[in-house]
Amino acid sequence: MKILTCPAQLQRLEGILRKSLPLALPVFGAVLNINRGNPGQYEVLVDKWPEFGAVLARPSGEVVPVNDGYWNTQAAFYRDLEAYRAIWQEGRVWSWTLSSTTPTGILTPAPCPSPGESPHPCPHMRTPLSPPLTPASPRPAPGVRLGSLSPSHADLLNDTWPYGGNARSRRYLAELLERFPQVCLQDSSGQPVAWVLTDHFGTGTHSYTLPEHRRHGHMQVALTVAAQRAHARGFPTFGHTALQNRPMQQLQELLGHQRLPGVCSGWHRQALEGQTVTHSREWHRAEG
């Protein structure tokens, strides 16, 4: 295995992964962050360079405890199944002491199937969040404005996140707020009513509207603004949605999201059972 540290190699990898979208989305998002200051303190490994068969994005060095299942998440993408298997067999690459009660795991997008092949089987699906950019983008409702979250809102986020409610999740959410872009809608008193966060893979995460503020179009505005800002930075937008969350799925379809049923997810079964992935073809076209 080789850790890529040369900026030129990382820029080249970004271009290679771009050609494998949308299946390479999680690793691609991690590489984008690495090439733009590396706020998540991640690193990228390949089986060989430059003709790699598998690539892995993971936390760099000892930046997080191995049992911190919020930060210690890894993403892999392969073009060669044997190279991918070799990564799995090399035990020092993976941390096997992850918490069993947190949304920890390894994203493992399969390579594009050959003509006539069926997609790689996927026990849990995921869905990207990418509204197309249009001149008639939705605007905040009266009395609501765009704002921002700060680490002081970590308790609110931790209480409303299905995978939160503990000290580690609170610390993780506070660090997301400090390191990565987010979108928040606030009421007239400055209190958050809806928000969308971003993580170390560029994934949209913890999209939430407070129950008393639902059915006013707040999430549609938040998702659209998040996508516009991500696209302006050169990022795609994608995320995870529970299969039973039909209102969010319907909103994504309304905004032009594309579901990715052929992308596999190896996330911990207890934490992320029943997730579904969509992808913005508008962004992909714009990027060429």
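The values are calculated or read from the model by the stated rules, or taken from the named source; none is laboratory data. The model shown is predicted, which means the values in this text are computed figures rather than measured ones. Positions of Cβ are backbone-derived with ideal geometry, glycine not excepted, and every protein chain shown enters the neighbour counts. The area values use the complete protein model at the heavy-atom level, side chains included, leaving out ligands, DNA and RNA. Shrake-Rupley method; radii C 1.70, N 1.55, O 1.52, S 1.80 Å.
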Checklist entry - Quick one: how many residues across the stretch 138-158 are under 24 Å from Leu251 (Cβ atoms) and part of a loop (DSSP other than H, G, I, E, B)? => result 9
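Go through Glu82, Glu62, Glu43 for me and flag whichever is more than 17 Å from Phe180 (Cα to Cα) and either modelled with pLDDT under 80 or under 19 Å from the mean Cα position of the chain (by Cα) (or both).
Values: Glu82 fails: either modelled with pLDDT under 80 or under 19 Å from the mean Cα position of the chain (by Cα) (or both); Glu43 fails: more than 17 Å from Phe180 (Cα to Cα).
That would be Glu62, the only listed residue that is more than 17 Å from Phe180 (Cα to Cα) and either modelled with pLDDT under 80 or under 19 Å from the mean Cα position of the chain (by Cα) (or both).
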Checklist entry - What's the number of the condition Gly256 fails, among (1) open to solvent by less than 20 Å² (accessible area, probe 1.4 Å); (2) more than 17 Å from Val183 (Cβ to Cβ); (3) in a loop (DSSP other than H, G, I, E, B)? => result (1)
Checklist entry - Can you name the condition, by its number, that Lys2 falls short on among (1) within 26 Å of Gly204 (Cα to Cα); (2) at pLDDT 65 or above; (3) not hydroxyl-bearing (Ser, Thr, Tyr)? => result (1)
Checklist entry - Which residues, taken from the stretch 1-39, are of a type in the set (Lys, Arg) and assigned to a loop (DSSP other than H, G, I, E, B)? => result Lys19, Arg36
